[in-house]
Amino acid sequence: MVQLEGRRAMVTGAAGALGAVICEVLAREGADIGGLDLNASGLAATGDRVRAAGRGWAGAAVDLTDFVGVQEAAAGLVSRLGGVDILVNCAGGGAVSFFHEMSPETWRTQMARNLDQVFNVTRAVLPAMLAARSGRIVNIASIAAVSGGRLVRGATAYAAAKAGVIGLTKALAIEVAEQGVTVNAIAPGAQATPGRDRDTPQRRAALLDQIPTRLLGEPEHLAAAIVFLAGPAGVNVTGVVLPLDGGHSI
Ligand SMILES: NC(=O)c1ccc[n+]([C@@H]2O[C@H](COP(=O)([O-])OP(=O)(O)OC[C@H]3O[C@@H](n4cnc5c(N)ncnc54)[C@H](O)[C@@H]3O)[C@@H](O)[C@H]2O)c1
């Protein structure tokens, strides 16, 4: 039994390591996918994975920090998908920068990349969900916002932006709960994405020392958590921040 049959899901960061897996898993669960990302060739590759899973795909290459561009791109995707039931705000990413020497530009870039774009895309999609009195929004935050970036030092701007995502998630969850829209966040710890392959053995050992299960997160497991939040069993779950961090934040 698939859990998202006939649903239409918009996923940001769809060309990225986690976003591509999320698109494929949601498609395997029966959803058509609209992907947004800066990276046009990466989007095309994700589109191939979604079509191979037997579902419809629409992609739009756009800078998600550009409010006007996002409104146009998201409207185009909603039109091509015939509506939108699920939004996964996954685009983002950190940059190591120590606070005592951080430039205002680095601070602003991190806010734009990790928080502003969640506003831009959610603002574009929410009116259609409210009109339908149904919708599921899942924001990918980070355990850095919960535990202060102990896994990666130099993450103050990233942690602050992702903490903003968590605040937005909770406040919006309250605002739209009676209109049939749920808003939740996932706070992943370190994931087993290709970027981790650059770890030295010492770095990997230090990382695992911070994680009680001694396991990196698996992108497929993160995607499965999104399926739960966006599927039938998630109907009464809203405003939660789900750590997927092997107990790091305990
Ligand atoms: N990988 C991890 O270990 C981990 C842990 C915690 C949280 N996260 C979060 O999960 C999300 C996905 O991470 P990932 O590992 O897949 O990273 P990734 O770098 O592989 O993918 C991020 C994607 O976002 C896109 N993107 C970034 N800025 C954009 C912009 N302005 N406009 C359009 N697209 C933009 C990039 O092009 C990229 O495809 C991020 O929000 C990240 O902060 C990741």
Residue-normalised accessible area of the chain, given per residue in Å² at a 1.4 Å probe: 45 Å²
Share of carbon and sulfur in the accessible heavy-atom surface of the chain [1.4 Å probe, %]: 56 percent
Two-decimal log10 I(q)/I(0) for the stretch 109-250, as the Debye equation yields it once each C-alpha is a single scatterer, q = 0.09, 0.15, 0.17, 0.18 Å⁻¹: -0.29, -0.77, -0.96, -1.05
For Arg203, net neighbour charge (Lys/Arg +1, Asp/Glu -1) across residues whose Cβ lies under 15 Å away: +3
Net charge of Cβ neighbours under 15 Å - reference Tyr158; Lys, Arg +1; Asp, Glu -1: +3
Simple spin-label estimate for Thr109 and Ala132 in nanometres, 7 Å along Cα-Cβ: 3.6 nm
Environment charge at Val146 (Cβ cut-off 15 Å; Lys +1, Arg +1, Asp -1, Glu -1): +2
The chain: C-alpha pair distances exceeding 33 Å, %: 14 percent
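The values are calculated or read from the model by the stated rules, or taken from the named source; none is laboratory data. Keep in mind that this is a model prediction, so the values were computed, not measured. With ideal geometry, Cβ positions are generated from the backbone for all residues, glycine too; neighbour counts draw on all protein chains shown. Calculation scope for accessible area: heavy atoms of the full protein, side chains included, ligands and nucleic acids excluded. Shrake-Rupley method; radii C 1.70, N 1.55, O 1.52, S 1.80 Å.
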